[in-house]
């Protein structure tokens, strides 16, 4: 397993070109092309703003302003997370031709999925920056240096989950459908469109068990709230747990590797 | 030093149909194999205890019928699947031409696909870029290399895939029946490339249905059948053994078919009493049987040189059409006829006793009529026979339309229907090297 993991390093050139192919191919033939990477999260944000400002104005807490920006801090990384999971559930089956006909390390496929979505996440960041400037939110450097670390933790967590999901979906195609429903639930069980402070005390414990809570809260603390980054302890715990999850995911994937060529 | 060393390799697949994901997932997780928890009825053995060694620099052809395990063997050697038991060792870089252009992305250009495909097959990006011009030129796609691959014809697609795979510069090249894709020119180019590989001492494992290619091109041949190695060795010998086995099987198949058609016609056709339809029926191609059965054809067998029933003949063989007849009551007006048709329904030959000016006198009871052909001078193909007894005016007693099938085999791919006995004679200044090996 460790050997395979090291082998993976040799394939970085392949991963790199596959990620760029993925990005190029995705918007090939569309008029707006790459702009969809900006437009998609923007539209999502517009919808949520409409819901919380116009349809249900009473629900949102008055203390969190501007609310659109608050939501955007969570929606952007969530989109990366959820699209990666959804796409990786089908990625081995879609790449069946490669796995069956070419000697090819299958884990490259879910990894490429996660990385391609990460690039989309990065492409969405300028919009976030635009909002931050527009609302003239003060950003502090000693908070901002934690941002790459949060991204890294999310990357490892997402990779681990995607490896598990992609490998198991080969054996159980049901996972794809379960996953899309689960992710809808997961989204609402994460403090993205409501602040953590709104949760009742029993609900808070429940939210704490959700790994994405700590990512969302970290993003919000760094980008939205003032003053010192107070979520570090949780983030470090999550980082350690993510590494363990990644190793478990890779182990599972490695064990199931030989079955892919026959099952996809 | 062996380039490929397969040692008692067995490959068992799981049968589909009954889904038992939990069982397969559990065994995959625990033992790395899919089938440990499955009953024998749920599995399928694609290769059974196959051992094969290919020395470095050798070209080995793998032949055998569909489903004999050829592609599985290639996949094991390529490392795409693992053997259920036994080991497979390969020394050197492998390039597997199993499916051309596997992994091409339809939306992006040929150029980008070449680069990604090259990297997938084990080249570094710099190596691909170095060989890029050569690859595109080999594929003959200079004009279209910037177009997305989805606009390519299947031939262009395969050519590009082949061009990339062949430029990976492998030590061991695995080829799975892919020469069929290109046009003549491209096929020659591929063969030249293979020959170049051979000269450079590379090892080639070639799966193909083209037996002449194996004979011409390979140092050794392997004949696989139902997952077992039936023969290994000199290509000529192995191909001959394979061909005679195929013939035997065809013989059995044709016999079974004959019995089936005969059964069908026996149960379906009512004895026909009017003679009118017969002239029209002569030209209908559908097989069948009709007639009043005053004289009945009980059985028809094709008899070969050795006096035994046969369905496969070679050009120039002797053949007898043995017709077993029975007349319940004495009949005085009768004509025996035989017609020979090829697969397109073209009448190759037809004759009857009336045309040959034999005047009938009487049949009474059972007997055997032989229609003997001294030399069956036909080209390779499937032929069908009409056998009939009728009155001189055409009124049918028993008409068997296209009920008997035989196959002509030939190692010459000459064309047409009829092969006249022939020889070539040349003046001394026209010279040949001699027959192909």
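Here are the numbers for this structure:
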{"quantity": "Filter result (within 18 Å of residue A:88 (Cα to Cα) and more than 9 Å from every other protein chain (Cβ to nearest Cβ)) within the range A:9-21", "calculated": "A:15, A:19"}
{"quantity": "Filter result for the condition that a residue is surrounded by 17 or more Cβ atoms within 10 Å (Cβ to Cβ), farther than 19 Å from residue B:301 by Cβ, touching a residue at least 60 places away in the same chain (Cβ under 8 Å) and touching a strand residue (DSSP E or B) at 6+ places or on another chain (Cβ under 8 Å), over B:407, B:419, B:401", "calculated": "B:419"}
{"quantity": "Residue list for the range A:22-39, filter: more than 14 Å from chain B (Cβ to nearest Cβ), in contact with a helix residue (DSSP H, G or I) (Cβ under 9 Å, 6 or more places away or on another chain) and without any contact (Cβ under 8 Å) to a residue 40 or more places away in the chain", "calculated": "A:32, A:35, A:36"}
{"quantity": "Residue B:175 vs. criteria buried (at least 19 other Cβ atoms within 10 Å of the Cβ), under 20 Å from the mean Cα position of the chain (by Cα) and either touching a residue at least 12 places away in the same chain (Cβ under 8 Å) or not in a loop (DSSP other than H, G, I, E, B) (or both)", "calculated": "yes"}
{"quantity": "Boolean, residue B:106 is surrounded by fewer than 17 Cβ atoms within 10 Å (Cβ to Cβ), away from every other protein chain (no Cβ under 14 Å), touching a helix residue (DSSP H, G or I) at 6+ places or on another chain (Cβ under 9 Å) and not in a strand (DSSP E or B)", "calculated": "no"}
{"quantity": "Residues within the range B:338-356 that are in contact (Cβ under 8 Å) with a residue 40 or more places away in the chain and either outside any loop (DSSP other than H, G, I, E, B) or surrounded by 19 or more Cβ atoms within 10 Å (Cβ to Cβ) (or both), tallied", "calculated": "6"}
{"quantity": "The range A:185-219, residues that are surrounded by 14 or more Cβ atoms within 10 Å (Cβ to Cβ) and not in a helix (DSSP H, G or I)", "calculated": "A:189, A:190, A:191, A:192, A:193, A:194, A:195, A:199, A:210"}
{"quantity": "Contacts under 6 angstrom Cβ, first residue in the range A:246-258 being within 12 Å of chain B (Cβ to nearest Cβ), partner assigned to a helix (DSSP H, G or I) and at pLDDT below 90, 6 or more apart", "calculated": "A:254/A:4; A:255/B:29; A:256/B:28"}
{"quantity": "Wholly enclosed strands (runs of 3 or more DSSP E) of the range B:294-337 bearing at least 2 residues at pLDDT 90 or above and over 26 Å from the mean Cα position of the chain (by Cα)", "calculated": "B:295-303, B:319-331"}
{"quantity": "Enumeration of residues in the range B:82-97 that are within 8 Å of chain A (Cβ to nearest Cβ) and over 21 Å from residue B:158 (Cβ atoms)", "calculated": "B:82"}
{"quantity": "Residues being part of a helix (DSSP H, G or I) and farther than 30 Å from residue A:91 by Cα - total across the range A:117-144", "calculated": "10"}
{"quantity": "Residues (assigned to a helix (DSSP H, G or I) and in contact with a strand residue (DSSP E or B) (Cβ under 6 Å, 6 or more places away or on another chain)) located in the range B:135-166", "calculated": "B:165"}
{"quantity": "Pair list, Cβ < 7 Å and 6+ apart or interchain, from the range A:137-165 residues that are crowded, with 16+ Cβ neighbours inside 10 Å to residues that are part of a loop (DSSP other than H, G, I, E, B)", "calculated": "A:143/A:229; A:146/A:229; A:163/A:107"}
{"quantity": "Looking only at the range A:28-45, and only at residues there that are over 20 Å from the mean Cα position of the chain (by Cα) and within 25 Å of residue A:131 (Cα to Cα), the one that is surrounded by the fewest Cβ atoms within 10 Å (Cβ to Cβ)", "calculated": "A:32"}
{"quantity": "Condition broken by residue B:112, with the remaining ones in (1) in a helix (DSSP H, G or I); (2) within 25 Å of residue B:202 (Cα to Cα); (3) within 13 Å of chain A (Cβ to nearest Cβ) satisfied", "calculated": "(2)"}
{"quantity": "Condition met for residue B:359 (in contact (Cβ under 8 Å) with a residue 40 or more places away in the chain, more than 27 Å from the chain's Cα centre (by Cα) and either buried (at least 16 other Cβ atoms within 10 Å of the Cβ) or assigned to a loop (DSSP other than H, G, I, E, B) (or both))", "calculated": "no"}
{"quantity": "Any helices (runs of 4 or more DSSP H) falling wholly within the range B:194-293 and containing at least 2 residues that are in contact with a strand residue (DSSP E or B) (Cβ under 6 Å, 6 or more places away or on another chain) and modelled with pLDDT of 90 or more", "calculated": "B:235-268"}
{"quantity": "Some residue of the range A:83-92 being within 14 Å of chain B (Cβ to nearest Cβ) and on the phi < 0 side of the Ramachandran plot", "calculated": "yes"}
{"quantity": "Some residue of the range A:105-116 being touching a helix residue (DSSP H, G or I) at 6+ places or on another chain (Cβ under 6 Å), outside any helix (DSSP H, G or I) and in contact (Cβ under 8 Å) with a residue 40 or more places away in the chain", "calculated": "yes"}
{"quantity": "Those residues of the range A:41-62 which are over 18 Å from residue A:188 (Cα atoms) and in contact (Cβ under 8 Å) with a residue 60 or more places away in the chain, in sequence order", "calculated": "A:42"}
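One line per residue, one yes/no per condition, for (1) in contact with a helix residue (DSSP H, G or I) (Cβ under 6 Å, 6 or more places away or on another chain); (2) modelled with pLDDT of 90 or more; (3) within 14 Å of chain A (Cβ to nearest Cβ):
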site: B:21; (1), (2), (3): yes, no, yes
site: B:28; (1), (2), (3): yes, no, yes
site: B:39; (1), (2), (3): no, no, no
site: B:44; (1), (2), (3): no, no, yes
site: B:54; (1), (2), (3): no, yes, no
site: B:71; (1), (2), (3): no, no, yes
site: B:80; (1), (2), (3): yes, no, yes
site: B:99; (1), (2), (3): yes, no, yes
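The values are calculated or read from the model by the stated rules, or taken from the named source; none is laboratory data. Since the model is a prediction, treat every value here as computed from it, not as a measurement. Please note: Cβ atoms are built from the backbone with ideal geometry, for glycine as well, and neighbour counts cover all protein chains shown.
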